[in-house]
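Trainee: My questions will all concern the structure given below.
The values are calculated or read from the model by the stated rules, or taken from the named source; none is laboratory data. It should be emphasised that the depicted structure is a prediction, and the values quoted were computed from it without experimental measurement. Neighbour counts run over all protein chains shown; Cβ positions are idealised from the backbone, glycine included. Just the protein is used for accessible areas: all its heavy atoms, side chains included, with ligands, DNA and RNA removed. Shrake-Rupley method; radii C 1.70, N 1.55, O 1.52, S 1.80 Å.
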Amino acid sequence: MVPVRQPRVLVLDDDRAVVDTICGLASLLGLDARGETAPDPFLKHAATWEPDFLILDLLMPERDGVEIIRALAAQGTRASLILTSGIGSAVLNAAQRTAIERGLTVGGVISKPMTREELRLVIESVPAGAPDANQVDHQRAVTVIDLRQALDREEIGLVYQPQITCMGGELAGFEVLARWHHPELGLIMPDRFIPLAESSGLIAPLTEKIVADALEFASERLAGTFIGLSINLSTLNLKDLTFADRVAARCGELGVMPDHITFELTETGAMEAPTSTLDLLTRLRLKGFRLSMDDFGTGYSSMAQLVRLPFTEIKIDRSFTASAQVSEDSREVVRSVVALGKGLGLEIVAEGIEDTRMLAHVANLGCDRAQGYYIGMPMGSGEIAGWQASWITHGPRPETGSMAPLS
Ligand code: G
Ligand code: G
Ligand code: MN
């Protein structure tokens, strides 16, 4: 028999007094309670101590709640999250969606200051998430052996997140995102296995599989439409000089038009790229593929670099779209990126759209297309028809001008 362990709760709040109060309440409920006031020690503590519950303040000065939740998912936490509010519902919704999309359990939301009774109700209603000693170790790190096996057993699949035109609100494309369904470890997100693939040399076969599946999807579902498909690449993929030829040949076989396919590279990745990478990007462009600079604004590129590289699109990082509503500086960044992009003949995509106001905002600032949880979550191919029907009925159509032609 495994002895019953006292349930553990770990609290994160930037205010030490709040941490102490919540820990005090939790102790009164018979929980083993600990707390942290900064994200990094909190994440470390969450990874090593195996708490059953995490009580999270989403408004931290150093990192926003969504980032913290992504990090918790990336380290494979099994604890149930309890979010403390006192914050806007947009942040809360986004945090909740991020958590759910990443397979985390959100047990509840408690407004601050909380009472012992409120905490008790939430704790009692939530199944504690930590693995018991008889179960598989869900928190163990995934290894190269797992990843190789995943490729052999075809455990890695794709989800599709829609993009719409800002002007007409119509479906313009999908971004393909990889998901690993491990038979014992459950859903594993790309931030946990892409870096592993990159460091182990498995990024080439992994990308091969992702691109093959994505092109098949394009051929079966998007033929005869103006709907594009965006595929993320790692910089390492660009070391393979035959990549462009092979993808082009496959498109030929499947009848997919290369200009319906966009390859996304992160800004930092593209900028660190040596001259051979520039060659490869240029060759992809010459074959008719489109190229997107992902997470724009987070790297340290100079604008001149953007002119040097053959991109067709800029994806403005979600940190700017998120703060554009509240910060004039961020609005100015978005405006400048739009002006720069337009000047260079590039399309501008705003990512991380989490509510209708954000969508109206980026449309007004001149972005061409938008993507984010508010428009549609990353979904399986079987869910697309249902999403499309509900978007046509309920999706907003910000009146900002005439319909934008999709190129
Ligand atoms: O899918 P998520 O929802 O978790 O994506 C997290 C990060 O992983 C993003 O930065 C995304 O660009 C990256 N990513 C997702 N799918 C792929 C993929 O198929 N290939 C590469 N190289 N990166 C991916
Ligand atoms: O880095 P890249 O842009 O490829 O990453 C896409 C990532 O953004 C995926 O992890 C996806 O799940 C996430 N994502 C998509 N829409 C939203 C959103 O509206 N808000 C937030 N916070 N993340 C989002
Ligand atoms: Mn991307």
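Trainee: Of the listed peptides 184-196, 95-107, what is their order by residue-averaged count of other C-beta atoms within 10 Å, with the highest listed first?
Mentor: Going by the mean number of other Cβ atoms within 10 Å, highest first, we get 95-107, 184-196.
Trainee: Give the calculated FRET efficiency between Leu121 and Arg16 to the nearest 0.05, with a Förster radius of 25 Å applied to their Cβ-Cβ distance.
Mentor: 0.50
Trainee: Using +1 at the Cβ of each Lys and Arg and -1 at the Cβ of each Asp and Glu in the chain, identify which of Gly386, Gly343, Thr225 lies farthest towards the dipole's positive end.
Mentor: Thr225
Trainee: Going highest first, how would you order 202-210, 375-383 by mean Cβ packing within 10 Å?
Mentor: Highest mean packing first, the order is 202-210, 375-383.
Trainee: Looking at region 163-280, what % of its DSSP beta bridges pair antiparallel, to the nearest 5?
Mentor: So the antiparallel bridges in region 163-280 amount to around 40 percent.
Trainee: Still on this structure, I have one more. Only residues of region 194-220 count here: report those whose backbone N is under 12 Å from the spot 7 Å along Cα→Cβ of Arg250, or say none.
Mentor: 204-219
Trainee: Another one. Over the chain, what relative contact order in percent results from Cα pairs under 8 Å that are six or more residues apart?
Mentor: The normalised contact order for the chain reaches 12 percent.
Trainee: So in the chain, what percent of DSSP beta bridges are antiparallel if you round to the nearest 5?
Mentor: 30 percent
Trainee: A further question on this structure: For region 324-363 and region 184-205, compute the distance between their C-alpha centroids and round to whole Å.
Mentor: 31 Å
Trainee: Probe radius 1.4 Å, ligands and nucleic acids ignored: give me the carbon and sulfur share of the accessible area of the chain as a rounded percent.
Mentor: Heavy-atom surface of the chain belonging to carbon and sulfur, 1.4 Å probe: 54 percent.
Trainee: Rounded to the nearest 0.05, what FRET efficiency do Ser27 and Ser111 have when you use their Cβ-Cβ distance and R0 = 22 Å?
Mentor: Rounded to the nearest 0.05, the efficiency is 0.55.
Trainee: Hey, another quick one. In deg cm²/dmol, rounded to 500, what helix-only [θ] at 222 nm does the chain give when every DSSP H run of at least 4 residues adds -39500 (n - 2.57) and the total is split over its residues?
Mentor: So the calculated ellipticity at 222 nm is -12500 deg cm²/dmol.
Trainee: How much accessible area per residue does the chain have, counting only protein heavy atoms and a probe of 1.4 Å, in square angstrom?
Mentor: Ligands and nucleic acids excluded, the result is 44 Å² per residue.
Trainee: Do any of Lys287/Lys342; Lys44/Lys315; Lys209/Lys287; Lys209/Lys342; Lys44/Lys209 go past 25 Å between their Cα atoms, and which?
Mentor: Lys44/Lys315; Lys209/Lys342; Lys44/Lys209
Trainee: Right, next: At a Förster radius of 56 Å, what calculated FRET efficiency corresponds to the Cβ-Cβ distance of Arg5 and Ala204, to the nearest 0.05?
Mentor: Efficiency, rounded to the nearest 0.05: 0.80.
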